[in-house]
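The values are calculated or read from the model by the stated rules, or taken from the named source; none is laboratory data. Keep in mind it's a predicted model, so treat the numbers as computed, not measured. Note: ideal-geometry Cβ built from the backbone for every residue, glycine included; neighbour counts use all protein chains shown.
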């Protein structure tokens with residue numbers, strides 16, 4: 001009996017691999033291109049954001065305070081390794097970009113998870129939770145962490161979806177963000 005299951009498994013694997021189906025990495029790369037090729041600028045929804053005090057939510061407009069900001073967006077459904085890798089790179093670049101210019105927007109469904117994340121990173125970054133709110137980017141529906149810039153009129157631009165397998169584009173994006181905020185050394 002076990003031999004029959006093994007044969008079925010081998011035939012299934014061979015059929016799937018030879019049928020022209022795309023690999024997971026190929027599908028992810030195509031999704032990334034589709035996301036990054038969406039409109040260059042997007043007027044963002046002025047959604048509600050909460051910090052640790054959930055009784056006094058802010059709007060996105062209030063959070064950015066009328067200044068351009070670099071935003072990191074992710075959800076609790078995002079790949080933990082991808083989020084942590086991006087946070088490490090963002091932390092390394094934050095001294096040159098300016099901690100005050102970086103806002104992290106998370107979507108934690110469970111308050112305790114948000115609380116733990118907040119306690120770990122709030123000494124460096126401004127952090128808000130959006131729960132299920134969406135700003136309007138296609139990338140939000142893929143649950144991949146991403147970076148973008150937002151100006152005082154809530155226009156989002158320069159969307160970037162990093163791949164942990166290829167860190168150089170992320171480093172380049174953050175280097176370009178340094179010049180965008182033009183923080184003196």
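One line per residue, one yes/no per condition, for (1) out of contact with any strand residue (DSSP E or B) (no Cβ under 8 Å at 6 or more places or on another chain); (2) surrounded by 20 or more Cβ atoms within 10 Å (Cβ to Cβ); (3) at pLDDT below 90; (4) assigned to a loop (DSSP other than H, G, I, E, B):
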site: 88; (1), (2), (3), (4): yes, no, no, no
site: 103; (1), (2), (3), (4): no, yes, no, no
site: 112; (1), (2), (3), (4): yes, no, no, no
site: 132; (1), (2), (3), (4): no, no, yes, yes
site: 147; (1), (2), (3), (4): no, yes, no, no
site: 171; (1), (2), (3), (4): yes, no, no, no
site: 179; (1), (2), (3), (4): yes, no, yes, no
site: 185; (1), (2), (3), (4): yes, no, yes, yes
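Please tell me if residue 125 is under 11 Å from the mean Cα position of the chain (by Cα), surrounded by 14 or more Cβ atoms within 10 Å (Cβ to Cβ) and closer than 20 Å to residue 178 by Cβ. Taking the combined requirement at face value, the residue does not satisfy it.
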